[in-house]
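Have a look at the structure below, then the notes.
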Amino acid sequence: MSIRDLSSDRKYGILKRIWPRMPRSDFDTYLDLYDKYFLFLDEQMGLIERKSILYSTKSIDELASMIDQIRQHSYKKKSELFANSSDETMRSADMAIRIWLMVYIEHSTSGSASSCRWPKTMPLSLVVQDWYPPGRKTDAESRQISQSFSIANLTRYYDFQVKWTSDLAQHLNIDWEYKQITVFEHAIALRNHLAYPDDCQLPKEFVQEAVDTIKLLFPDDKDTKAFLSREGRRFLKIPFGRERSLSLGDFSYWGTEISQLLDVWEQGPSGWSQLRLRPDQSNFLEYSTFWAAAVVLLLTVISIVFGVAGLVLAKKALEISVKSLDVSVKSYELSLAIACAEANATETLPAFCK
């Protein structure tokens, strides 16, 4: 049976192993917000089932036990956490981190160069610092962000697309060739890491900033609501307990990515998107000038069309008048001929009949 189909008690039991300080009331209140997370858990368990030979764990409960072990002994080297340090056990430990901290860790033998690593010789408490070093703050600290800056408007006016991910390490990666922004989709997990920091090994400042990027890119407005509704996401229903920050200086982990998006934003839309009035009305002059010119052009075209139509009708009327005159002349001549054919016509109509 999939995790999504389990009873509420069983689901709470699983989440309780991941966030031990979560009360039942919290789970009951936000149960509907865990749909994507439970789907994610099902996908990971399906991966283990398909490649069972590569893992020492076979169930979600065994992974939860590993999470408990890692959390309680985060100062220990990875190889010292478990009695068995085989590759299968290390892969299971990586999977435990994946469903707990939402970070895709690949085992050192995988050959992947783009994923986070957890070497056997390092404790988790140290390696997480290497995963997410804060960026350097520059003179951009005072740079302010527009109220209307959002994913919804980036997709609408700048032709960006959103790619959802379960890997926090991929959050806000930008593919400039395809104009694709990768966004971490399990915001409820970030909320739990923030609400129960003692259950999480990620740096508190990092989790806070991850939440702040969600708040920044998904403000509570009608365009964002419509966008999230289309995407089947419920970010706006999650109680993060943090205000939206509009200062670039508040972002050190994702400051570079946000700055790059701001550069594009401040350049203004391109193509047909230029013809739309932006939410902050910063292009109002261009917008009003274009549409005023468009209205004038339309009226001019209409005037020309009606003018041409008037000329055509006048020409037709003239042709009809000429034909009517010709008919009148013929009618007159016929009448005269008939009159002159009468006896004594030359005497009675000497001016017309000769």
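The values are calculated or read from the model by the stated rules, or taken from the named source; none is laboratory data. Treat the numbers as computed from the prediction; the structure is a model and nothing was measured. Positions of Cβ are generated from backbone atoms using ideal geometry, with glycine treated the same way; all protein chains shown enter the neighbour counts.
Anything in the range 171-211 that is in contact with a Ser or Thr (Cβ under 6 Å, 6 or more places away or on another chain) and free of Cβ contacts under 8 Å to residues at least 60 places away in the same chain? List them, or say none.
Result: 182, single match.
Any residue at all in the range 7-23 that's under 23 Å from residue 232 (Cα atoms), modelled with pLDDT of 95 or more and of a type in the set (Lys, Arg)?
yes
Step by step: first the residues of the range 339-354, then only those that are assigned to a helix (DSSP H, G or I) and surrounded by 10 or more Cβ atoms within 10 Å (Cβ to Cβ), then the one that is modelled with the highest pLDDT. Which residue is that?
Of the residues in the range 339-354, the ones assigned to a helix (DSSP H, G or I) are 339-340, 345-348.
From the residues that got through so far, the ones that are surrounded by 10 or more Cβ atoms within 10 Å (Cβ to Cβ) too are 339-340, 345-346, 348.
On the way: 339: 70, 340: 77, 345: 64, 346: 69, 348: 70.
Ranking the candidates gives 340 first.
Would you say residue 10 is under 24 Å from residue 196 (Cα atoms), assigned to a helix (DSSP H, G or I), in contact with a helix residue (DSSP H, G or I) (Cβ under 7 Å, 6 or more places away or on another chain) and among the charged types (D, E, K, R)? Spell out how you get there, then give the answer.
On the way: under 24 Å from residue 196 (Cα atoms): yes; assigned to a helix (DSSP H, G or I): yes; in contact with a helix residue (DSSP H, G or I) (Cβ under 7 Å, 6 or more places away or on another chain): no; among the charged types (D, E, K, R): yes.
No, not satisfied.
Kindly indicate whether any position in the range 25-36 is closer than 26 Å to residue 88 by Cβ and at pLDDT 95 or above.
Step one: of the range 25-36, the residues closer than 26 Å to residue 88 by Cβ are none.
Checking the range 25-36: not a single residue is closer than 26 Å to residue 88 by Cβ and at pLDDT 95 or above.
Has the range 36-49 got at least one residue that is of a type in the set (A, V, I, L, M, F, W, C), more than 21 Å from residue 234 (Cβ to Cβ) and surrounded by 18 or more Cβ atoms within 10 Å (Cβ to Cβ)?
The first filter runs over the range 36-49 and keeps only residues of a type in the set (A, V, I, L, M, F, W, C), leaving 38-41, 45, 47-48.
Now drop any that are not more than 21 Å from residue 234 (Cβ to Cβ), which leaves 45, 47-48.
Those still in the list that are surrounded by 18 or more Cβ atoms within 10 Å (Cβ to Cβ) too: 45, 48.
Among the residues of the range 36-49, at least one is of a type in the set (A, V, I, L, M, F, W, C), more than 21 Å from residue 234 (Cβ to Cβ) and surrounded by 18 or more Cβ atoms within 10 Å (Cβ to Cβ), which makes the answer yes.
Being outside the structural domain of residue 234 (by the TED database) and not in a helix (DSSP H, G or I), is that true of even one residue in the range 38-49? Step through it out loud before you land on a result.
From the range 38-49, those outside the structural domain of residue 234 (by the TED database) are 38-49; that's our starting set.
Narrowing further to those that are not in a helix (DSSP H, G or I): none.
No, that holds for no residue.
Name every residue in the range 137-162 that is hydrophobic (A, V, I, L, M, F, W, C) and modelled with pLDDT under 90, in order of residue number.
Start the filter on the range 137-162 by keeping residues that are hydrophobic (A, V, I, L, M, F, W, C), which leaves 140, 145, 149, 151-152, 154, 160, 162.
Hit for the range 137-162 is 140, nothing else.
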